[in-house]
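Bear in mind these aren't lab numbers, they're just calculated from the coordinates by the rules spelled out. These figures come from a predicted structure and were not determined experimentally. Here the Cβ positions follow ideal geometry from the backbone for every residue, glycine too, while neighbour counts run over all protein chains shown.
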Ligand SMILES: Nc1nc2c(ncn2[C@@H]2O[C@H](COP(=O)(O)OP(=O)(O)O)[C@@H](O)[C@H]2O)c(=O)[nH]1
Ligand SMILES: [Mg+2]
């Protein structure tokens, strides 16, 4: 990653009830990016945790006394999407990385993401559980949920990607800035909405293989979350269809406009009133 020497990179790490592991996650992330010899900052956003996550992170940042660590906090739990958005407001890097705080995805994998971004000349690289080279150690029920969701998303949106949910993603700063400007309202399918918007805006998205090593014995995604995620996915779908219809209508309107314009020019040229 020599070509990134001197380039600033922002890592946004949303954290919700991660008191047990947050210090080791931060240390591991710092070690990884120090080894890469990158100019990085870690923006950690505590998402209104009910445990001591914020206090511990705050204390850690004070102890390391290093301007690479930026600590932010939501007073209540608004969800991962809002936490990432908030973190982005503080990101100064040319590249922005979303990294889950639980280290299910080790940040050492990010060099492949940068290589893929360069080789494919893409604007976004997302980790994909469905990449043929991915290695997954995570519970069978999550695998099933992930496959069902994949088919649903494929059927509804036909995006040229095979996974939207993996917690390691790389963006060019200006791309994320524009994509975040679009209204993001669907908390439980935040990643999906982000990628649907990016695709609509014409940005190129590539996929990278990931190694996932589940750190928690039990997933925190319950049936309630699945239900809300489906509702949000359909809400995004209806907006997606409405946008497509509007686009189609404006194209037809555009042609009409050109036609009227031609008529106008004809009238001027021939002095017809
Ligand atoms: N579950 C959950 N995670 C959140 C929330 N806000 C931020 N996060 C962080 O988002 C990341 C992914 O959450 P996790 O529960 O591990 O989801 P999973 O890996 O998809 O099972 C972790 O770093 C969390 O700390 C939230 O409201 N709920
Ligand atoms: Mg996780």
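Relative to the longest principal axis of the C-alpha atoms of the chain, give the angle of the C-alpha long axis of helix 223-269, reported between 0 and 90° and rounded to the nearest 10°.
Long axis of 223-269 versus the principal axis of the chain: about 30 degrees.
Which part of segment 102-129 falls in the paramagnetic zone of residue 216, meaning amide N under 12 Å from the point 7 Å along Cα-to-beta-carbon?
What the label zone holds, given the 12 Å backbone N cut-off, is 102-104.
Determine which residues of segment 163-192 fall in the zone a paramagnetic label at residue 242 would reach in this model, i.e. backbone nitrogen under 13 Å from the point 7 Å along Cα→Cβ.
183-186
Could you calculate the FRET efficiency of residue 92 with residue 225 from 1/(1 + (r/R0)^6), where r is the beta carbon distance between them and R0 is 35 Å, rounded to 0.05?
0.60
Between residue 148 and residue 23, what is 0.36 nm times their sequence separation minus the Cα-Cα distance? Round to one decimal in nm.
Value of the extension gain: 41.6 nm.
To one decimal place, what Kirkwood hydrodynamic radius in Å is obtained for the chain from all pairs of distinct Cα atoms? Numbers along the way, then the final one.
Values: mean 1/r = 0.0492 Å⁻¹.
Kirkwood radius, the chain: 20.3 Å.
Based only on other Cβ atoms within 10 Å, what is the fewest-to-most ordering of 168, 144?
Ranking 168, 144 by Cβ neighbours within 10 Å, fewest first, gives 144, 168.
If each of residue 115 and residue 136 carries a label point 7 Å out from its Cα toward its Cβ, how far apart are those two points in nm?
Modelled inter-label distance: 2.3 nm.
I want to verify a result. In a Gaussian network model of the chain, Cα cutoff 10 Å, which of these has the top mean-square fluctuation: 87, 202, 127?
202
Quick one: Cα centre-to-centre distance for segment 41-92 and segment 158-176, in angstrom?
Each part's Cα centre sits 22 Å from the other's.
Helix 140-157 versus the longest principal axis of the chain: what angle, 0 to 90°, nearest 10, using Cα atoms?
10 degrees
Label-point separation (nm) for residue 59 and residue 34, each offset 7 Å from Cα along Cα-to-Cβ?
2.1 nm
Quick check: the angle from helix 53-64's long axis to the longest principal axis of the chain, C-alpha only, nearest 10 degrees?
Long axis of 53-64 versus the principal axis of the chain: about 70 degrees.
How large is the helix-only mean residue ellipticity at 222 nm for the chain, computed as the sum of -39500 (n - 2.57) over DSSP H runs with n ≥ 4, divided by its residue count, in deg cm²/dmol to the nearest 500?
Value at 222 nm, helices only, nearest 500: -16000 deg cm²/dmol.
Mind sorting 131, 199 by how few other Cβ atoms lie within 10 Å of their own Cβ, fewest first?
Details: 131 16, 199 19.
If I rank by nearby Cβ atoms, fewest first, I get 131, 199.
Looking at the chain, send over the antiparallel percent of its DSSP beta bridges, to the nearest 5. Don't skip to the end; give the middle numbers.
Numbers: 9 of 35 bridges.
If we restrict to bridges inside the chain, about 25 percent are antiparallel.
Between residue 76 and residue 249, how high is the FRET efficiency from 1/(1 + (r/R0)^6) when r is the Cβ-Cβ distance and R₀ = 41 Å? Nearest 0.05.
About 0.55, to the nearest 0.05.
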